[in-house]
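Step one of this worksheet: look at the structure below.
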Amino acid sequence: MSRRIVLSVAAGAVVLAGAGAFAFAYAGVQPPALAHSTARYTAPEGGRDGSFTFTTEVTASSGVKKLRVLAWPANSSFAKKPLTAKDMAKAEQASCKSAGGDRVRCVYTVEVTGAEAASSPRGPWHVAVLATAQDGTTTLDTKAAGFTVG
């Protein structure tokens, strides 16, 4: 073989190895992914408390560290100035359990008293979530699910 062909093949192998290493490293730092997010609001009735429940599945190759949840009215200030990860740092945390592999199922439930329901804005609401993986990567979805307060 000529020296030029050998050098070209060697250079090509180096480029391919570098591209493969980059692709492998990139695949390892994917942020958490949300799927199948649902929200359910049940109004208080007849002296019984109501409830709000948010459920989602989160996939993260390094594992899921935590999921923070915040319900907000569509006509609030967050509609004009979207929530940030910093805003979500103080939101309440969902309970997450393994759903197989690198996937967890997270559920957040809170009781809603009659007084809370009476003082809550009527109409559409959104659910914001901040998912944090074990490796520190995050995903913020400010409209992961929605529901209506009637």
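At 7 Å along Cα-to-Cβ for each site, give me the label-to-label distance between residue 74 and residue 109 in nm.
Those two pseudo-labels are separated by 2.7 nm.
How large is Rg/Rh for the stretch 78-150, to two decimals, with Cα atoms and a Kirkwood Rh?
Expressed as Rg/Rh, it is 1.01.
Please give the solvent-accessible surface of residue 147 in Å², to the nearest 10, using a probe radius of 1.4 Å with every protein chain present.
Counting only protein heavy atoms, residue 147 exposes about 20 Å² to solvent.
Tell me the carbon and sulfur percent of the accessible area for the stretch 26-150, rounded to whole percent, probe radius 1.4 Å. Please report the intermediate quantities before stating the final value.
Numbers: 3650 of 7030 Å².
Using a 1.4 Å probe with all protein chains present, the stretch 26-150 comes out at 52 percent carbon and sulfur.
The values are calculated or read from the model by the stated rules, or taken from the named source; none is laboratory data. Because the structure is a prediction, the values reported are computed rather than measured. As a convention, Cβ positions derive from the backbone with ideal geometry for all residues, glycine included, and neighbour counts pool all protein chains shown. Note: accessible area is taken over every heavy atom of the protein model, side chains too, but ligands, DNA and RNA are not part of it. Shrake-Rupley method; radii C 1.70, N 1.55, O 1.52, S 1.80 Å.
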